[in-house]
Amino acid sequence: MINKIWFFIIAFSIAFAATNGKLEALNEEIFTSLKSSLDISLGLLGNLMLWCGILKAAEKAGLVEKLGSIIRPVLGLLFRDIPEKSAAMGAMVMNITSNMLGLGNAATPFGLKAMAELQKFNRDKSTATNAMALFLVINGAPICLIPSTVMSIRASLGSNNPGAVIIPSIITSMAALTVGVICCKIFEKREGNME
């Protein structure tokens, strides 16, 4: 206990000596950085609320269902073991389309439901199936058509063109998703050959 007290006294003395008694300057810097953090947060909050409203309107207009009808055949090819009309497939479609539109908050419940539904097809409940691993990769690296969070951050920091990240975001997210799916399929084939 005495060693801890001495350690605390020495650490405090070193910290005080490092500031050369300029605690006022340190205190001022702390409050300046807190103020700038608050300014950025408020700007970000406003932009996020705007984008969430726009994306919710797009969701209510049926854009999610239209994207889902495009995605469903592709998922059918990737997830051959899962019936196309199953609850798991429906939850995966809703999760992926929500992620594509930047609705991460709406995507999370669908992702959890998809995993729970995929677990029902699992024979060995202690390990993940290939479908579960593939869905996790797709969910972890989704194609992002509207990177609303990044655009909001750029706008709050005074960017002249916050939307300049849309095309690079689509390209990089497509590349990440493609690499992830290919790796999953390679490991899946390898596992099948080992059995």
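The values are calculated or read from the model by the stated rules, or taken from the named source; none is laboratory data. Since we're looking at a predicted model, the values are computed, not measured. Every residue, glycine as well, gets a Cβ built from its backbone with ideal geometry; the counts of neighbours run over all protein chains shown. Note: areas computed on protein heavy atoms with side chains; ligands, DNA, RNA excluded. Shrake-Rupley method; radii C 1.70, N 1.55, O 1.52, S 1.80 Å.
Listed values, structure above:
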{"item": "Cβ-Cβ FRET estimate between Lys56 and Asn161, R0 fixed at 25 Å, reported to 0.05", "result": "0.55"}
{"item": "Computed magnitude of the charge dipole of segment 80-195 (debye, nearest 20; Cβ of K, R +1, Cβ of D, E -1)", "result": "60 debye"}
{"item": "Cα-Cα over 26 Å, subset of Lys56/Lys113; Lys113/Lys185; Lys56/Lys125", "result": "Lys56/Lys125"}
{"item": "Projected label distance in nm at Phe187 and Glu28, using a 7 Å step from Cα toward the beta-carbon", "result": "5.4 nm"}
{"item": "More than 14 angstrom apart: percent of Cα pairs within segment 89-155", "result": "59 percent"}
{"item": "Set of lysines near Lys35 by C-alpha distance (under 24 Å), chain-local residues within fewer than 8 positions excluded", "result": "Lys22"}
{"item": "Computed over segment 39-147, the ratio Rg/Rh where both radii use C-alpha atoms and Rh is Kirkwood", "result": "1.04"}
{"item": "Accessible surface of segment 49-130, 1.4 Å probe, proportion on carbon and sulfur as whole %", "result": "64 percent"}
